[in-house]
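For reference, the structure discussed in these notes is given below.
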Amino acid sequence: MFLVHPIDVNEFLVNDGDKDDIVNLIESICCWREFQIDLLPCKHALVALSAWKKSFIDFCSDHYKKSNLVRAYSGVIRTVGHKNDWGVPQEISSIVMKASPCLSQAGRPKKTRIPSTEEYSGKKSRTCSWCKQAGHNR
C-alpha cells in the first residue's frame, strides 16, 4: 500500500510502508535512480503519476515508443549470402575453435527464481499453529 504526499507541484513523497521515496516527475528523478537509469517510470513514479492523474506514457523515454522502434527497423537488411560465397582469409579459416566445456554446478539445482529489485522481499512473520502467536512456529 503506497501513500502519496505532494511536496510541491512536481515532487511527491511516496511511502511504501517502511521507507519514504522522493519522486520529481518533471525532472524524471527518483531517489532509487531507477527512473533515471531505465528512462521508464519506476513503481514510486507510477504511484505519484496516478495521484497526479497523468498518463505514464508521457513520462517514458522516446526510446521505448513505437515510432522509434519502427524507424529503427525501417531500413533494408541485406542477407550475408551462402557460406561458400564468403571471402574468408586463409589465416582465419585455418583457426579451429573448440567448444568451451559446460560443467554443471554441484548440489541441488535451484527451484525458486531470484526476485527482481522491484518485488517485495520482506519476510512473512511465522506464527505458532497451536497458540497462534508470532515469534515461534511450534
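Bear in mind these aren't lab numbers, they're just calculated from the coordinates by the rules spelled out. Quantities reported herein were computed from a predicted structural model and do not represent experimental measurements. Glycine gets a Cβ as well: all are built from the backbone with ideal geometry, and neighbour counts include every protein chain shown.
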- Query: Relative to the longest principal axis of the chain, what angle (0 to 90°, nearest 10) does the C-alpha long axis of helix 43-52 take?
  - Reply: 60 degrees
- Query: Percent relative contact order of the chain, based on C-alpha pairs within less than 8 angstrom and at least six residues apart?
  - Reply: 10 percent
- Could you please state, rounded to a whole Å, how far the C-alpha centre of the stretch 89-118 is from the C-alpha centre of the stretch 1-52? 39 Å
- Message: For the ranges 128-135, 88-95, what's the packing order if you count other beta-carbon atoms within 10 Å of each residue, average per peptide, and put the highest first?
- Response: 128-135, 88-95
- Provide Rg and Dmax in Å for the chain, with only Cα atoms included in the calculation. 26.0, 79
